[in-house]
Amino acid sequence: MERLQKVIAQAGIASRRKAEELIIEGKVKVNGKVVTELGIKVGRQDEVEVLGVPIEKEEPVYFLLYKPTGVISAVSDDKGRKVVTDFFPEIKQRIFPIGRLDYDTSGLLLLTNDGEFANALMHPKYEVEKVYVAKVKGVLTGEKIRMLQRGVMLEDGKTAPARVKLISGDRRKEMAVVEIAIHEGRNRQVRRMFEAVGCKVVKLKRERYAFLGLTSLRPGEARALSPHEVKQLRAVALTKPR
């Protein structure tokens, strides 16, 4: 038996918090009856409807994808462009990406059908570290690196402190390769951080997500996460409050 809001979240319908709102608003039925209590539990034999649509109880699945550039971090695209779920033609579950990587950004992306799991990893009050390698154009001085490390002011507020490491630099060509680790998830954050210090990202790749890396994978390849890795990710998200 599981709490109703958890079942809805695991079905990929909504986050657990949104599922709770739907229950309170009387938009959820169990075995044909409207329920508004958050404490109710349901089993596999129970029929659950959200907004009049029966939910399919899926086994939770978890995948790691090496997203290539030129792919949308979504389950569909109205312009007909390639999306990350296109790399999983054999998967019957309704998986979706946890967070996103920009169209022009490659690297590690997680996908699942477990809404509660995804919500925990993306919640802003938890520190899940993401490590990127960026090729940037512009003179990246020591002072600019220290600014990135302390946090820079963007239009949506100051960023949290970041770990920044210069991998290589060519002052004559005004190019540098930099490793940067952040734990926030703002839209195009890494690109905007470098823009704030007068540099332009020309290539960006997410190398790591928490303890996970891209070992042995090529762009477009994916693998299932092991049960131990899923357990570790839950621990990373839920034991590191900001």
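The values are calculated or read from the model by the stated rules, or taken from the named source; none is laboratory data. Please read these numbers as outputs of a predicted model, since none were measured by experiment. In this analysis, Cβ positions are derived from the backbone assuming ideal geometry, glycine residues included, and neighbour counts consider all displayed protein chains. Accessible surface is based on the protein model in full, side chains and every heavy atom, while ligands, DNA and RNA are left aside. Shrake-Rupley method; radii C 1.70, N 1.55, O 1.52, S 1.80 Å.
Comparing P60, P219, P227, which has the greatest mean-square fluctuation in the GNM of the chain with Cα pairs linked when under 10 Å apart?
Result for the chain, Cα springs under 10 Å: P227 fluctuates most.
Only loop residues by DSSP count here, and only those with at most 14 other Cβ atoms within 10 Å; note down the GluC sites (Glu not before Pro) in the range 156-208 that meet that.
Taking the range 156-208 and a limit of 14 other Cβ atoms within 10 Å, the loop GluC sites (Glu not before Pro) found are E174.
Quick check: Cα centre of the range 190-218 to Cα centre of the range 92-149, how many Å?
8
Within 10 Å of each candidate Cβ there may be at most 16 other Cβ atoms; applying that plus a DSSP loop requirement, which GluC sites (Glu not before Pro) in the range 65-164 survive? Intermediate results must be reported in sequence, preceding the final value.
Working: sites: E90, E116, E127, E129, E143, E155; in loops: E90, E127, E129, E155.
Listed in order of number, the matching sites are E90, E127, E129, E155.
Give me the Kirkwood hydrodynamic radius of the range 1-40, using the inverse of the mean 1/r over all pairs of distinct Cα atoms, in Å to one decimal.
Details: mean 1/r = 0.1020 Å⁻¹.
Evaluated over the range 1-40, this radius sits at 9.8 Å.
Pulled fully out, how much extra length does the chain show between N187 and F211, if you take 0.36 nm times their separation in residues and subtract their Cα-Cα distance? Please report the intermediate quantities before stating the final value.
Details: separation 24, 0.36 × 24 = 8.64 nm, distance 2.22 nm.
Result for the pair: 6.4 nm of gain on full extension.
For the chain, what does the helix formula give at 222 nm: sum of -39500 (n - 2.57) over DSSP H segments with n ≥ 4, over the residue count, nearest 500 deg cm²/dmol? Each step should come with its number before you reach the end.
Values: 6 runs with 53 residues, N = 242.
So the helix-based figure for the chain works out to -6000 deg cm²/dmol.
Mind computing the radius of gyration and Dmax over the alpha-carbon atoms of the chain? Å is fine for both.
Spelled out, the Cα radius of gyration and Dmax of the chain are 20.4, 71 Å.
Please report, for the Cα atoms of the range 104-195, the Rg to one decimal and the Dmax as a whole number; what are they, in angstrom?
Looking at the range 104-195, its Cα Rg and Dmax stand at 14.6, 49 Å.
Want the number for K18 to A74: 0.36 nm per residue separation, take away the alpha-carbon distance, what's left?
Numbers: separation 56, 0.36 × 56 = 20.16 nm, distance 1.96 nm.
Stretched fully, the K18-A74 segment lengthens by 18.2 nm.
Expressed as a whole number of Å, what is the distance separating the alpha-carbon centroids of the range 155-173 and the range 25-44?
First find each Cα centre; the distance between them is then 49 Å.
Testing the spin-label approximation: label points 7 Å from Cα along Cα→Cβ at K165 and K92. State their distance in nm.
The answer from the label model is 4.4 nm.
For the range 1-82, run through the GluC sites (Glu not before Pro) and keep only the ones in DSSP coil with at most 13 other Cβ atoms within 10 Å of their Cβ.
Working: sites: E2, E20, E21, E25, E37, E47, E49, E56, E58; in loops: E25, E37, E47, E56, E58.
Of the GluC sites (Glu not before Pro), the ones in loops of the range 1-82 whose Cβ has at most 13 other Cβ atoms within 10 Å are E25, E37, E47, E56.
Under a 1.4 Å probe, what is the accessible area of the chain per residue, stated in Å²?
Details: 13040 Å² over 242 residues.
On a per-residue basis, the chain sits at 54 Å².
For the chain, set up a Gaussian network in which alpha carbons nearer than 10 Å are linked by springs, and say which option among S15, S76, S106 fluctuates the most.
S76
Report in % the part of the accessible area of the chain that belongs to carbon and sulfur, leaving out ligands and nucleic acids; probe 1.4 Å.
Carbon with sulfur: 50 percent of the solvent-accessible area.
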